[in-house]
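Take a look at the structure set out below.
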Amino acid sequence: MRQEDRRWFLGLSRNVILLGLVSFFTDLSSQMIFPLLPLYLVSVLGAGGAVVGLVEGAAEGIASVLKGLSGRWSDRLARRKPFMLLGYGLSSFVKPLFALAWSWPLVLLIRLVERLGKGLRDASRDAVLAESVEESLKGRAFGFQRALDGLGSVLGALLAFWLLPLLGYRKLFLLAFVPAVAVILFLLPVKEPDSIQRESPGKKFDREPKRRFSSWPASLRWFLGVAAIFSLGHFGYAFLLLKAKETGLSDEFSILYYALFYAVYTLASMPAGVLSDKLGRKPVLLTGYALFAWVSLGLFFAKFPALVLAAFVVYGLFFALIDGVQRAYVSDLAPEHLQGTALGYFHMITGLTALPGIYLAGLLWDSLGSGSTFLYGFALSTLACLLLAWHPHFRRSK
């Protein structure tokens, strides 16, 4: 990190501020589209629930695999920005095409291309965040970026809620392109961190044997396993929305509950990151995992909308405590020359384990009732808490 970039705002460098704004406009655009896609597929294109599952599952699956590969590629090439430009560019400029999709296979194709962009960019972006601040401010940097990401999600969801009756699906999808253009404008001034630019190709290839997963620090491999177990049991906000509907809440108010969850997440993300800088990542993550376990148990007993409302609030707090802090923790544990690779593997592993986890949560919901889904989440999050509590003390490998 260059001296002139230090403490540009809130103790953070220019790269971090710019990437926060990139995330804000990305999610502002995305949340004007993606919460509506299932309804669009069913109500406008006449698709069924299986198609909705296919579109979302295939999209997230390809993104998860590509995150792992792109992080490794960015370390091998000692470049971050090309992956971010290509990734954000694909995601931004493909979004208006949803308005032109007249069949569900076209929606699937466009969704896959958009998720390809996410897979290309995320690991490199997280690596730039970690490499653009002092070690003591890493949690704050990730918290800031996640907070602006969440703010964009809140405003995007509220805009979709407000504009859908006025514009309809297709015009709203076209309008979502406007904030997508701002993404590229804020991304262009982002600079490659000095730490990666200084590494010579010879040094980079000399380290290639150390890139093998088996040679990574044991503490990093342990935490990736813990994160995978937690991700397997993390059923996601979709089942909170279904629970709200089950307790008698209308679809409109369910969307407002969703916006409330993101509002809490947005407000708490940066304080959570700062707290992890001061107290350490592990206590903050343990608190977050434990909160999810309590939310799961509470939803098992919840019979009234007011209790579900409280669950959405606590869920937003839980998500703020883990979302950016997990990434900062992976960066702490990873060797300096494997920042992109380790963050990419983290995204890939948690993404791939989330897919069967969500599918199993849905099967339990359909076959045994909603309570079984929440007990499933409680059991795996409790196990993740115990394994994280045993996580060994570490020092970063150079």
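Nothing in this text is a laboratory measurement; each read-out follows from the coordinates by a stated rule. Because the structure is predicted, anything quoted here is derived from the model rather than measured. We place every Cβ from the backbone using ideal geometry, glycine too, and count neighbours over all the protein chains shown.
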To the nearest 10 degrees, how steep is helix 370-389 against the longest Cα principal axis of the chain, on a 0 to 90 scale?
10
Nearest 10 degrees, 0 to 90: what angle lies between the long axis of helix 49-77 and the longest principal axis of the chain (Cα atoms)?
10
Based on Cα positions only, what radius of gyration and what Dmax would you give for the chain, in angstroms?
20.3, 63
Can you tell me the order of 343-349, 14-20, 160-166, 184-190 when each peptide is scored by its average per-residue count of other Cβ atoms within 10 angstrom, highest first?
343-349, 14-20, 184-190, 160-166
From fewest to most C-beta neighbours within 10 Å, the residues Lys81, Lys118, Lys245 line up as Lys245, Lys81, Lys118
What does the highest-first list of 375-386, 100-111 look like by mean Cβ count within 10 Å?
375-386, 100-111
Using only the Cα atoms of region 224-281, build the gyration tensor, take square roots of its eigenvalues as a ≥ b ≥ c, and label the shape rounded, prolate or oblate: rounded if a/c is under 1.5, else prolate if a/b is larger than b/c, else oblate.
oblate
By the C-alpha gyration tensor axes a ≥ b ≥ c (rounded if a/c is under 1.5, else prolate when a/b exceeds b/c, else oblate), the shape of region 346-394 is oblate
At 0.36 nm per residue, and after removing the present C-alpha to C-alpha distance, how many nm does the segment from Ser103 to Phe300 gain when stretched out fully?
67.1 nm
The chain: angle of helix 281-301 to the longest principal axis, Cα-based, in degrees nearest 10:
10
Go through region 220-232 residue by residue and turn each phi into a ³J(HN,Hα) via Karplus (6.51, -1.76, 1.60, θ = phi - 60°); whole Hz please, and just put x for glycine and proline.
5, 5, 4, 5, 4, x, 4, 4, 5, 5, 5, 4, 4
Which value in nm describes the separation of the simple spin-label points at Val42 and Val313, placed 7 Å from the Cα toward the beta carbon?
2.9
Sorted by chain and then number, the residues having a modelled amide H within less than 5 Å of the amide H of Leu12, at least 5 places away or on another chain, are Arg7
Once you've got the Cα coordinates, tell me which of Lys138/Lys282; Lys118/Lys138; Lys243/Lys303; Lys95/Lys118; Lys171/Lys243; Lys67/Lys243 are over 20 Å apart.
Lys118/Lys138; Lys171/Lys243; Lys67/Lys243
Which distance in nm do the two modelled labels at Ser136 and Ser250 give, with both placed 7 Å along the Cα-to-Cβ direction?
5.3
What's the local net charge at Ser231, with K and R +1, D and E -1, over the other residues with C-beta under 14 Å away?
0
